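Note sheet for the following structure.
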Amino acid sequence: MVTILRFKRHASLKALVALCALYFIYLTASSLHSSPSSETIGSSLPTHNLRATRKASGQSAVGTIMKKQKELKSTGFFAAFKNKVLNRHSGPPIFKGEDSFLLDWNLRNSQHDRLKKCQIMISTMYFENRIWNNTNILKFYSQDSVDNTLVEILGESLRIFNYCFLEGSLDARDVFDADVFRVKGIDAWDYQIRMFPFLNAKFEKESRLMWPRIIDLSPSKNAETNYGSPEIETTPLDFNINFFSNWAKFAKGRGIVTTMAGSDVPTFAKQLRTFQEIKNTLPIQIVTTGVELTEEFIAEVKKAAIASNQQVTIVDCSPFLSSEFSSTYIKNFFNKWIAVLLNTFEEVIFIDVDAVVFQDTNNFFDIAKYKETGIYMYQDRTMPDEQTFNYCIEMLGYMAPSRQEEELIGSTLSVNTDTLSLDVSVESQVYQNFFKKLRLHHVDSGLVIIHKSRKLNGLLTSFMLHLDAKMQRCVYGDKEIFWLGELFAGESFSIDPFSGGVVGPVGRAKDAERKVSQKVSVCGTQIGHEDASGKLVWTNGGLKACKIRNAAQNDFQKDPDYFTGRYGSIEALEGLYNSPLSIQGFLSPDPIKNPWMQIGECAGYMYCAFFDEYVDDIDVDNGKLIEFTGTEQEGYVKIAEIWNT
């Protein structure tokens, strides 16, 4: 009898060991099948069609949720044991009936259902990757498997944030009102700081509003005026944990927004004088992290505002930004994102401090495509030979929504990549030229018109994408990030149909090869933008022939033979560089027939464009040349002189 019992126990033990071994094999196989390596994923990514072609990686919250859905739908002992006993994917359940809810996910479409979906997705983000934090993108790991996964998590988390709190209008307090969060010490504030690490984690969130210090420097004010936070009908904590949705609600009016360092104040003073000349009536805000904000800066800006009779305020966001983050990461181009996000206007014209507008600033808000999409950008110079890298295109494939994300929350790109061959829009062409032809330059971000409340999702995506350390190796400054952020946020965007050109004096010379009657040229350091009527709208780069300091001396030192032979002396070249730009014409060349030529003048910042004039006035498409009328030139000359005063 004892022998029989021992045999049965031994047999049971062997069976259990065999069962565990089989289950281990099953787990391993399913894991390998469902979580392919980055090399496997990357090799299957197309170079130009990003729309829902990628399978979510093993770190993806939506991928984990769909994996759980699949297991719930499957039958058999192993599937049930894996899902209900180990429950290793998405953490503990949040509410009763969660399994049934997961199975009926696509049938649950009420606002209360959205709240439950957000609780599941956000809890999965925490439990699937316990060290999840968007600060991880700030470091370049030089390993595609790491860098690309981080940008995947970034894109997915931003779209989930939009689904829940911006588009979805959920209250963060309600979403985090669950035992599963409380037990783990997870709350809405922790989530917001992990999402947007530029915010101050140590802010006194329960007693103060996240609101900037606003300093009015208008001529009507005898002294600077500080405006406090607005009156609210909720507690500071409720406002702060829903900061971005509340920030959008409190946005009001239209205005011009810029940002600058202390050394840029003289240039800003020039810009203000040009605004005065064109009779600008829009208020102007200088938005800053506070890193370079000093009493001297405030005094100089106030003096310039009074002299030009322009309404200027400084928006100091330092009270609720992380000072450590700002001083380390928000430098140079990155200040633009603080400016476009944290100004107090609803509709804004963002403008670089060295950009010059020649028309009524109110006209920008009347552009039809701006009204349609909420953001309007201008094209850069077309330079096909300057390209980004293949690894950048591959990385951005991970920023796009996965198949699972599209199925769960409907995330898509704003460009329909399935019908690109039929789409002749500027936006489609920009997409193809970047992702398929790897062209680097598309947008001149010196002036962008934005409906901030409508485009907050895309602007946040742009800022966070630009902070990614690998992404910074892929583009020049912030230019392309404006439209890429909108693309990956699933937001529509519009780009001016006319290519950027150069403005300056118009020259003509006989063609040595006699293929055309004359070669027309315009050389300059400024990028110009015209409208459909051929009028100059704005330029980027100031209105001095060369804005680079000490350029004449440095140019002579670099190539004395060339510059001596062409200009004679440093003094002569310096006089030329310091003269007001002569705006006789605008030229945007055909980049294939007549590519842009970069020359050595002005420290290499000068570009020349060419246009062919044919015998007998043959109509050949080879670019666009506009020669301004005498009256137009007089107006431009006056603004150029004001800039150089």
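The values are calculated or read from the model by the stated rules, or taken from the named source; none is laboratory data. These numbers come from a predicted model, not from an experiment. Here the Cβ is made from the backbone with ideal geometry for all residues, glycine too, and neighbour counts use every protein chain on show. Heads up: the accessible areas ignore ligands, DNA and RNA and are worked out on the full protein's heavy atoms, side chains in. Shrake-Rupley method; radii C 1.70, N 1.55, O 1.52, S 1.80 Å.
Over all distinct alpha-carbon pairs, what is the Kirkwood Rh of region 421-578 in angstrom?
Numbers: mean 1/r = 0.0522 Å⁻¹.
This gives a value of 19.1 Å.
Going Cα to Cα from LYS55, which aspartates and glutamates come in below 15 Å? Please leave out same-chain ones fewer than 8 positions away.
Hits, sequence-local ones excluded: GLU39, GLU152, GLU156, GLU394, GLU405, GLU406, GLU407.
Enumerate the lysines that LYS558 could reach by cross-link, defined here as Cα to Cα under 26 Å, with residues fewer than 8 away along the same chain left out.
LYS558 reaches LYS544, LYS547.
Applying a 10 Å radius around every beta-carbon, put 126-136, 159-169 in order of their mean neighbour count, most first. Please report the intermediate quantities before stating the final value.
Numbers: 126-136: 16.4, 159-169: 20.5.
Result, highest mean Cβ count within 10 Å first: 159-169, 126-136.
Once phi is turned into θ = phi - 60°, what whole-Hz ³J(HN,Hα) does the Karplus curve with 6.51, -1.76 and 1.60 give for every residue of region 208-217, x standing for Gly and Pro?
10, 7, 6, 8, x, 7, 10, 10, 8, 10
Would you calculate the separation in nanometres between label points at LYS96 and ASN133, each defined as 7 Å from the Cα along the Cα-to-beta-carbon direction?
The answer from the label model is 3.8 nm.
For region 237-372, what is the accessible area per residue in Å² when the probe is 1.4 Å?
With the other protein chains kept in place, region 237-372 gives 37 Å² per residue.
Between GLU530 and residues 5 or more places away or on another chain, which pairs have amide H atoms under 5 Å apart, with H built 1.01 Å from N, and which residues are they?
Long-range HN contacts for GLU530: VAL537.
Given H placed on each backbone N at 1.01 Å, which residues far from LEU321 in sequence or on other chains put an amide H within less than 5 Å of it?
Sorted by chain and number, the residues that satisfy this are ASN200.
Using Cα-Cα distances under 8 Å and only pairs 6 or more residues apart, what relative contact order does the chain have, in percent? Write down the numbers at each step before the final one.
Values: 1097 pairs, mean separation 87.7, N = 645.
Result for the chain is 14 percent.
With every protein chain present, what accessible area does HIS441 have (1.4 Å probe, heavy atoms only), rounded to the nearest 10 Å²?
30 Å²
If you stretched the chain out fully between ARG473 and ARG508, how much longer would it get, using 0.36 nm times the residue separation minus the C-alpha to C-alpha distance? The partial results should precede the final answer.
Working: separation 35, 0.36 × 35 = 12.60 nm, distance 3.95 nm.
Taking ARG473 through ARG508 to full extension adds about 8.6 nm, to one decimal.
Share of the chain's accessible area from carbon and sulfur, percent, 1.4 Å?
Details: 14910 of 28780 Å².
Reported share for carbon and sulfur atoms: 52 percent.
Running Debye on region 359-513 with equal point scatterers at the Cα sites and no solvent, what base-10 log of I(q)/I(0) appears at q = 0.12 Å⁻¹?
-0.55
Report the relative contact order of region 118-176, percent, no decimals, based on alpha-carbon pairs under 8 angstrom and at least 6 residues apart. It would help to have the intermediate numbers written out before the result.
Details: 20 pairs, mean separation 21.8, N = 59.
Relative contact order here is 37 percent.
Enumerate the aspartates and glutamates that LYS96 could reach by cross-link, defined here as Cα to Cα under 15 Å, with residues fewer than 8 away along the same chain left out.
Counting by Cα, and skipping residues close in sequence, LYS96 has these aspartates and glutamates nearby: ASP104, ASP113, ASP177, ASP179.
Explain nothing, just the number: relative contact order of region 503-597, from Cα pairs under 8 Å at least 6 residues apart, as a whole percent.
Values: 113 pairs, mean separation 29.0, N = 95.
Computed over region 503-597, the figure is 30 percent.
Please list, ordered by chain and number, the residues whose modelled amide H lies under 5 Å from the amide H of GLY504; skip anything fewer than 5 residues away on the same chain.
GLN584, GLY585
Within region 156-272, what is the number of lysine pairs with alpha carbons under 27 Å apart, leaving out pairs fewer than eight places apart on the same chain? All intermediate terms of the calculation are to be shown ahead of the outcome.
Details: LYS184/LYS202; LYS184/LYS205; LYS202/LYS249; LYS205/LYS249; LYS205/LYS252; LYS221/LYS252; LYS221/LYS270.
Lysine pair count for region 156-272: 7.
Using only the alpha-carbon atoms of region 251-308, report the extent along each of the three principal axes, biggest first, to the nearest angstrom.
Reported extents, whole Å, longest axis first: 30, 28, 15.
Given a Förster radius of 51 Å and the C-beta distance between VAL183 and TYR329 as r, what FRET efficiency does 1/(1 + (r/R0)^6) yield to the nearest 0.05?
Numbers: r = 33 Å, r/R0 = 0.65.
Once the sixth-power term is evaluated, E becomes 0.95.
Please give the peptides 99-108, 196-205 ranked by average Cβ packing (other Cβ atoms within 10 Å per residue), highest first, as a rough proxy for protection.
196-205, 99-108
Report P(r) for region 560-609: all Cα-Cα distances, bin width 5 Å, range 0 to the bin holding the largest distance, values in whole percent.
Whole-percent P(r) values from 0 Å outward: 4, 16, 20, 24, 17, 12, 6, 0.
For the pair SER74/ILE367, report the inter-label distance in nm, with labels modelled 7 Å from Cα in the Cβ direction.
So the two model labels end up 5.2 nm from each other.
Once the whole set of protein chains is in place, how much accessible area is left on ARG213, using a 1.4 Å probe, in Å² to the nearest 10?
The accessible area of ARG213 comes to roughly 80 Å².
What FRET efficiency do you get for ARG173 and ILE599 if R0 is 45 Å and r is their Cβ-Cβ distance, rounded to the nearest 0.05? All intermediate terms of the calculation are to be shown ahead of the outcome.
Details: r = 60 Å, r/R0 = 1.34.
For ARG173 and ILE599, the calculated efficiency is 0.15.
Using a 1.4 angstrom probe, figure out how much accessible area region 536-645 has per residue, in square angstrom, rounded to the nearest whole.
Averaged over the residues of region 536-645, the accessible area is 53 Å².
For the pair ASN390/GLU571, report the inter-label distance in nm, with labels modelled 7 Å from Cα in the Cβ direction.
Taking the two extended label points, one gets 5.7 nm.
State the extension gain, in nm to one decimal, for the chain segment bounded by ASP531 and GLU206, taking 0.36 nm per residue of separation less the distance between their alpha-carbons. Walk me through the numbers on the way to the answer.
On the way: separation 325, 0.36 × 325 = 117.00 nm, distance 5.00 nm.
Taking 0.36 nm per residue and subtracting the Cα distance, the gain is 112.0 nm.
Could you give the C-alpha radius of gyration of region 550-641 expressed as a fraction of 2.2 N^0.38 Å, taking N as the number of residues it contains? Kindly include the intermediate steps, with their values, before the conclusion.
Working: Rg = 16.4 Å, N = 92, 2.2 N^0.38 = 12.3 Å.
This ratio for region 550-641 stands at 1.34.
Using the beta-carbon distance between ASN109 and LYS437 and R0 = 60 Å, what value does 1/(1 + (r/R0)^6) give for FRET efficiency, to the nearest 0.05? Walk me through the numbers on the way to the answer.
Details: r = 40 Å, r/R0 = 0.67.
So the FRET efficiency works out to roughly 0.90.
How big is D, in µm² s⁻¹, for the chain by Stokes-Einstein at 37 °C and 0.692 mPa s if Rh is the Kirkwood radius over C-alpha pairs? Display every interim value, and only then the final one.
Numbers: Rh = 27.6 Å.
For the chosen part, D equals 119 µm²/s.
Excluding ligands, DNA and RNA, what is the solvent-accessible area per residue of region 113-213 at a probe of 1.4 Å, expressed in Å²?
Numbers: 3960 Å² over 101 residues.
For region 113-213, the per-residue accessible area is 39 Å².
Heads up, I need the accessible area for TYR141: 1.4 angstrom probe, whole protein in place, Å², nearest 10.
My reading of the accessible area for TYR141 is about 70 Å².
Could you tell me the center-to-center distance, by alpha carbons, between region 388-429 and region 541-566 in angstrom?
43 Å
Given the convex hull over the Cα atoms of region 396-458, what projected area results after averaging over all orientations, in nm²? Before the final figure, lay out the partial values.
Values: hull surface 23.1 nm².
So the Cα hull casts an average projection of 5.8 nm².
For a paramagnetic label modelled at 7 Å from the Cα of GLU292 toward its Cβ, which residues of region 325-347 fall within the zone defined by backbone nitrogen distances under 19 Å?
Counting only backbone N, you get 325-343.
ASN309 to THR53: extension gain in nm, 0.36 nm per residue of separation minus the Cα-Cα distance? Walk me through the intermediate numbers first.
Working: separation 256, 0.36 × 256 = 92.16 nm, distance 5.47 nm.
Answer, rounded to one decimal: 86.7 nm.
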